[in-house]
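J.: Structure below; questions to follow.
The values are calculated or read from the model by the stated rules, or taken from the named source; none is laboratory data. The structure presented is a predicted model; accordingly, all values stated were derived computationally and were not measured. Note that each Cβ is placed from the backbone with ideal geometry, even for glycine, and that neighbours are counted across all protein chains shown.
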Amino acid sequence: MKKVAIETASKTYDVIIGNHLTESISSFLIEKGYRDRKIWIIADEAVYHLHGMVLVENLEKTFDVTVHLAPSGERAKTLEEFERAMTHGLTNGVDRSSVVIALGGGAIGDMGGFVASTFMRGIPFIGVPTTILAHDSSVGGKVAINHPLGKNMIGQFHQPEAVFFDLDHLKSLPEREVLSGFGEVIKHAFLSGEDFLQDIKNSFRGPGSLNDAFLEECLERGIKVKADIVARDERESSVRAYLNFGHTYGHAVESASGYGNRTHGECVVVGMIYALYLSRKMSGMTFDVEGFAHWAASLGYDLTIPEELSFADLYALMTRDKKAKNGEPQFVLLRNIGEPYLTRVSKEDLEEADTFIRTINR
């Protein structure tokens, strides 16, 4: 078992990484003095049938437990699902002393955390992420749901009490989700340094040949990258924006494609290639963008932008990105690997990068 401390201005907590953590969750709740509190599990329905019943059985030895099941993926992050979760809590005896456990991938962590942050003006929650992708979203306290006009547009900051990253949960992931998760791992490598990126390129040959020890190492290193940035900027007033590397264009592609039709991590990989092209053009970064794109495609990432997604449509979404100022998109770019910066980018340069990403695999 490994622990990574997350230190923010409002709270310090641990991300626990290891195997067989179900009993550790119960012990943690007891140690926190939550023995007499109702435990409200908000779970991905598919994940619950794989892993949730064991967790509930263990918790019910000590706690009063109620379970709300939500649909998988981004379908959980709608206003309708948010209201449905709230109704469950209000009709099942959840009160302001209760504790939420968000069990599932990043979408459930976002939605469950947002429910916890707003239920009766805020109650504690614990994250139990079950995907590689969620090693990013489960750390740092950004919780949100989507609006039809943009991803994560309704949300706030609400730090968890702890995060339990049980590696046993990752063994049931389909290859598509492994690839999605490694999109965020690769992002952390670009923000960290050449060594981390090179280790990934040397060792990650695809989702079907993933080494358990290497996966654990990547998760720990990725979480530490995020922990360092969050410690310096909890509420994204400065350097925390760097964690959006690859996300501005990636979120636009994800939103325009229809939530759930493409994985978040795959869209982030597309967005990183887009941002790398701009980095080379605007800051003179010396990096083989084409070679990186071909390596990503060889792993199984779909880098194509469908013709029906016009640049005009994607640009409109980028202008609504949370980093945009006065309707002008801002991008996280790199001077070198490990040296991110935030800058405005003209519409002409954005369209040029869009043309590049559309032709890279032809």
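J.: Quick one: what pairs do we get from segment 1-27, first residue part of a helix (DSSP H, G or I), second surrounded by 18 or more Cβ atoms within 10 Å (Cβ to Cβ) and hydrophobic (A, V, I, L, M, F, W, C), C-beta under 6 Å, 6+ apart or different chains?
T.: From segment 1-27, the pairs are THR22/LEU55; ILE25/PHE164; SER26/LEU59.
J.: SER237 fails exactly one of the following numbered conditions: (1) polar (S, T, N, Q); (2) assigned to a loop (DSSP other than H, G, I, E, B); (3) surrounded by fewer than 17 Cβ atoms within 10 Å (Cβ to Cβ); (4) not assigned by TED's automatic domain parsing to the domain that holds VAL332. What is the number of that condition?
T.: (4)
J.: Moving on. Can you run down the residue pairs with Cβ atoms below 9 Å, 6 or more apart or on separate chains, where the first is in segment 305-333 and in the same structural domain as THR343 (by TED's automatic domain parsing) and the partner is at pLDDT 95 or above and among the acidic types (Asp, Glu)?
T.: What qualifies is ILE305/ASP354; PHE311/GLU351; PHE311/ASP354; LEU314/ASP354; TYR315/GLU351; TYR315/ASP354.
J.: Going by the conditions given, is GLY141 of a type outside the set (A, V, I, L, M), within 14 Å of the chain's Cα centre (by Cα) and over 16 Å from LYS3 (Cα atoms)?
T.: yes
J.: Assess whether MET318 counts as being aliphatic (A, V, I, L, M), assigned to a helix (DSSP H, G or I) and in contact with a Pro (Cβ under 9 Å, 6 or more places away or on another chain).
T.: The answer is yes for MET318.
J.: Quick one: which of ARG221, ARG232, ARG280, ARG262 is among the basic types (Lys, Arg) and under 30 Å from PRO148 (Cα atoms)?
T.: So the residue among ARG221, ARG232, ARG280, ARG262 that is among the basic types (Lys, Arg) and under 30 Å from PRO148 (Cα atoms) is ARG262.
J.: I would also like to ask the following. How many residues does segment 147-168 contain that are surrounded by fewer than 23 Cβ atoms within 10 Å (Cβ to Cβ) and either in a strand (DSSP E or B) or assigned by TED's automatic domain parsing to the domain that holds ALA231 (or both)?
T.: 10
J.: Provide a single number: the residues in segment 29-47 that are in contact with a strand residue (DSSP E or B) (Cβ under 6 Å, 6 or more places away or on another chain) and either under 23 Å from GLY222 (Cα atoms) or not charged (D, E, K, R) (or both).
T.: Here is the first cut: in segment 29-47, the ones in contact with a strand residue (DSSP E or B) (Cβ under 6 Å, 6 or more places away or on another chain) are 34, 37-45, 47.
Applying the additional criterion that residues be either under 23 Å from GLY222 (Cα atoms) or not charged (D, E, K, R) (or both) yields 34, 39-43, 47.
Residues that pass the stated criteria total 7.
J.: Sticking with this one: Quick check on my filter: what residues within segment 109-146 are surrounded by fewer than 24 Cβ atoms within 10 Å (Cβ to Cβ) and part of a helix (DSSP H, G or I)?
T.: SER117, THR118, PHE119, MET120, ARG121
J.: Given the residues LEU149, LEU167, which is the only one that is closer than 29 Å to LYS32 by Cβ, at pLDDT below 95 and of a type in the set (A, V, I, L, M)?
T.: LEU167 is the lone residue from the list that is closer than 29 Å to LYS32 by Cβ, at pLDDT below 95 and of a type in the set (A, V, I, L, M).
J.: Here's something else I'd like to know. Of all residues being touching a Ser or Thr at 6+ places or on another chain (Cβ under 9 Å) and of a type outside the set (A, V, I, L, M, F, W, C) in segment 170-204, which is modelled with the lowest pLDDT? Just the residue, please.
T.: SER172
J.: Pull out all pairs, ordered by first then second residue, where Cβ-Cβ is under 7 Å, the residues are six or more apart or on different chains, the first lies in segment 48-72 and is surrounded by 15 or more Cβ atoms within 10 Å (Cβ to Cβ) and at pLDDT below 95, and the second is of a type outside the set (Val, Ile, Thr) and in a strand (DSSP E or B).
T.: Cβ pairs passing all conditions: SER72/ASP44.
J.: State yes or no: is GLY291 touching a His at 6+ places or on another chain (Cβ under 7 Å), without any contact (Cβ under 8 Å) to a residue 40 or more places away in the chain and part of a helix (DSSP H, G or I)?
T.: In short, no.
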